[in-house]
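Chemist: Please read through the structure below; I'll follow up with questions.
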Amino acid sequence: MGKVKRIGMLTSGGDCQALNAAMRGVVKCLVNSKEKVEIYGFLDGYRGLIYGNFRMLGGHDFSGILTKGGTMLGTSRTPFKTIREPDEKGVDKVDAMKQNYYKLRLDCLVILGGNGTHKTANLLREEGLNVITLPKTIDNDLWGTDMTFGFQSAVNIATDAIDCIHTTAASHGRVFIVEVMGHKVGWLTLNAGMAGGADIILIPEIPYDLKKIVSKIEERNRNGSSFTILAVAEGAISKEDAKLSKKEYKEKMKNYKYPSVSYELAEQIQKATGNEVRVTVPGHTQRGGSPCPYDRVFASRLGAEAGALILKGEYGFMVGYKNREVVKVPLEEVAGKLKMVSPDASIVKEAKLLGISFGG
């Protein structure tokens with residue numbers, strides 16, 4: 001038996017399904033290896049690592065959590081852009097994280113998170129800490145992996161919302177907008193929209209033209225379809241707004257009178273077509289509930305591979321998924337890059353072949 005392996009673990013950023021399943025996968029792999037292991041669970045994301053808030057976790061803590069959504073460790077957002085700035089009490093956040101790592105004599109930090117989380121994880125790697133990350137986000141926008149856990153569960157929930165809207169939309173002959181999560185990237189809206197049979201899908205990567213949206217609705221009306229369903233990403237943007245500089249757009253949004261783009265679109269469509277328009281926002285339900293079977297398997301696989309890397313002493317990687325295989329991706333290749341939906345992507349072309357409009 002070798003020395004005790006001390007592993008720190010934290011979940012950062014927005015919560016999602018299968019975080020618990022992924023952590024369980026890491027720990028099960030380590031425990032089954034017969035190595036002596038101590039698990040230090042940092043509470044509420046990087047905040048726990050900064051302020052030394054943790055609890056020791058044993059095998060029993062990971063029993064029965066495969067099916068549970070959320071995160072047993074709690075999470076928080078610690079923006080990367082302010083990570084080098086001292087907190088309100090003057091604490092140097094990066095230095096504090098390093099000190100707590102060394103104080104606990106950790107061999108490795110396992111960090112589960114999305115884009116911002118990976119930037120900070122890579123910074124800690126650059127600062128000399130042993131880090132392994134796991135790709136968590138309902139947006140599926142992490143560079144270096146074809147899939148993130150949480151995504152498929154969120155697609156299922158957003159699709160269910162669109163499915164439910166179909167019957168009421170058809171009954172009343174209305175236009176319905178279902179607003180799906182995704183500020184910068186449209187993978188979730190695109191997949192849920194296709195799965196739910198949406199007629200129009202609006203995503204941030206393809207700025208929309210209101211005239212084309214109206215034209216599609218009117219075409220459906222002429223063809224005898226009394227209703228139209230739009231799947232709209234919360235970050236969808238008009239062609240006019242997309243032309244504005246960041247500064248100009250920020251200035252415009254200061255006086256924005258709508259709760260979100262979906263409500264602005266609803267008003268514009270109603271004026272242009274005379275159709276009744278309703279907005280449905282599934283919101284945080286898309287992050288909640290139990291992980292779907294796909295995510296349970298997927299997160300478990302990634303977690304097990306992370307455990308295997310720890311046993312081999314291979315650090316500085318994100319465990320990702322490429323061409324249906326679990327792979328290790330150097331952290332510096334992942335940090336700071338978003339995996340966007342290309343307007344020329346085959347899935348977009350195929351959606352158009354099905355008659356789906358992107359309003360572009």
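The values are calculated or read from the model by the stated rules, or taken from the named source; none is laboratory data. Just so it is clear, the model here is predicted, and its values are computed rather than measured. With ideal geometry, Cβ positions are generated from the backbone for all residues, glycine too; neighbour counts draw on all protein chains shown. Just the protein is used for accessible areas: all its heavy atoms, side chains included, with ligands, DNA and RNA removed. Shrake-Rupley method; radii C 1.70, N 1.55, O 1.52, S 1.80 Å.
Chemist: When you scan the stretch 56-71, how many residues do you find that are in contact with a Phe, Trp or Tyr (Cβ under 9 Å, 6 or more places away or on another chain) and crowded, with 18+ Cβ neighbours inside 10 Å?
Modeler: 1
Chemist: Among the residues that make up the stretch 45-55, is at least one of them farther than 23 Å from ARG301 by Cβ, of a type in the set (A, V, I, L, M) and part of a helix (DSSP H, G or I)? Don't jump to the end; show me each part of the working.
Modeler: Start the filter on the stretch 45-55 by keeping residues that are farther than 23 Å from ARG301 by Cβ, which leaves 45-55.
Cutting the leftovers down to of a type in the set (A, V, I, L, M) gives us 49-50.
Subset that is part of a helix (DSSP H, G or I): 49-50.
Within the stretch 45-55, one or more residues are farther than 23 Å from ARG301 by Cβ, of a type in the set (A, V, I, L, M) and part of a helix (DSSP H, G or I).
Chemist: Here are the criteria: (1) free of Cβ contacts under 8 Å to residues at least 12 places away in the same chain; (2) open to solvent by less than 10 Å² (accessible area, probe 1.4 Å). Tell me which single one ASN53 does not satisfy.
Modeler: (2)
Chemist: From ARG77, ARG84, which residue is open to solvent by 20 Å² or more (accessible area, probe 1.4 Å), more than 19 Å from THR137 (Cβ to Cβ) and among the charged types (D, E, K, R)?
Modeler: ARG84
Chemist: Please enumerate the residues belonging to the stretch 267-305 that are of a type in the set (Phe, Trp, Tyr) and open to solvent by less than 60 Å² (accessible area, probe 1.4 Å).
Modeler: Initially, the stretch 267-305 is screened for residues of a type in the set (Phe, Trp, Tyr), giving 294, 298.
PHE298 - this is the single residue of the stretch 267-305 that is of a type in the set (Phe, Trp, Tyr) and open to solvent by less than 60 Å² (accessible area, probe 1.4 Å).
Rundown of residues vs (1) more than 26 Å from the chain's Cα centre (by Cα); (2) at pLDDT 95 or above; (3) of a type in the set (Phe, Trp, Tyr), yes/no style:
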| site | (1), (2), (3) |
| --- | --- |
| ASP241 | no, no, no |
| LYS246 | no, no, no |
| MET253 | no, no, no |
| TYR258 | no, no, yes |
| ILE269 | yes, yes, no |
| THR280 | no, yes, no |
| GLY283 | no, no, no |
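Chemist: Another question, if that's okay. Take GLY64 and tell me if it is closer than 20 Å to VAL27 by Cα, part of a loop (DSSP other than H, G, I, E, B) and without any contact (Cβ under 8 Å) to a residue 40 or more places away in the chain.
Modeler: Yes: the conditions hold for GLY64.
Chemist: Here's another thing I want to ask about it. Among the helices (runs of 4 or more DSSP H) lying completely within the stretch 217-329, list those that include at least 2 residues that are more than 24 Å from LYS184 (Cα to Cα). Before the answer, list the steps.
Modeler: On the way: elements: 239-242, 246-254, 261-273, 293-312.
Result: 261-273, 293-312.
Chemist: Something else now. Return the residues of the stretch 61-104 that are at positive phi and touching a strand residue (DSSP E or B) at 6+ places or on another chain (Cβ under 8 Å); say none if nothing qualifies. Spell out the reasoning first.
Modeler: As a first pass, look at the stretch 61-104 and keep what is at positive phi: 64, 70, 74, 90.
Scanning the stretch 61-104 gives a single hit, GLY74.
Chemist: Can you tell me which condition MET340 does not meet? The list is (1) open to solvent by less than 30 Å² (accessible area, probe 1.4 Å); (2) within 30 Å of TYR258 (Cα to Cα); (3) of a type in the set (A, V, I, L, M, F, W, C); (4) at pLDDT 95 or above, and all the others hold.
Modeler: Only one criterion is unmet by MET340, namely (1).
Chemist: For the stretch 195-219, how many residues are surrounded by fewer than 19 Cβ atoms within 10 Å (Cβ to Cβ) and within 15 Å of ILE347 (Cα to Cα)?
Modeler: Total satisfying the criteria: 2.
Chemist: Does the stretch 206-220 hold any residues that are farther than 17 Å from ILE165 by Cβ and touching a Phe, Trp or Tyr at 6+ places or on another chain (Cβ under 9 Å), and which are they?
Modeler: ILE206, TYR208, LYS212
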